[in-house]
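Below: the structure, in structure tokens.
Only the coordinates and a few stated rules stand behind these numbers; no lab work does. All figures in this text were calculated on a predicted structure; none of them were measured in a lab. A quick note on method: Cβ atoms are made from the backbone with ideal geometry, for glycine too, and the neighbour counts reach across all protein chains shown.
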């Protein structure tokens, strides 16, 4: 799917993943940034869905808690919003622009609908990784070659 690059973003339906600190005040709160943009764009943007996801564990170099809560937003731009804070939130994904004709299905997207499924495992994926043995095998072959001369 394409992402929004214009500022302000064009009328349409978009989705965005943001992260809120969980148990830590040292992590930047994107949920607050998104809320600020919504407030500045009052009347021009409607939140269609807000889904709380899972906590993503993490820690910084000093061992401080940096857990983050994943939040999924589905929103519709219906007017002229304020400038989108791409530098803080990244680029929202375009579900459908208003010019392309928004359907009820576009307004009912869920976080699970946007997740990419992992590639199915192939036959070679189930084999053990022997790449670390290549230098040893080469050394053994070179030694055998040197002895046979």
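Couple of notes before you dig in:
- Each label was represented as a point 7 Å from its Cα along the Cα-to-Cβ direction; for residue 108 and residue 6 these points are 2.9 nm apart.
- Residues 149, 66, sorted so that the one with the fewest Cβ neighbours within 10 Å comes first: 149, 66
- Judged by the gyration tensor of its Cα atoms, with axes a ≥ b ≥ c, segment 12-114 is prolate; a/c meets the 1.5 cut and a/b is the larger of a/b and b/c.
- Contour excess over end-to-end distance, with Cα ends at residue 87 and residue 136 and 0.36 nm allotted per residue: 12.8 nm
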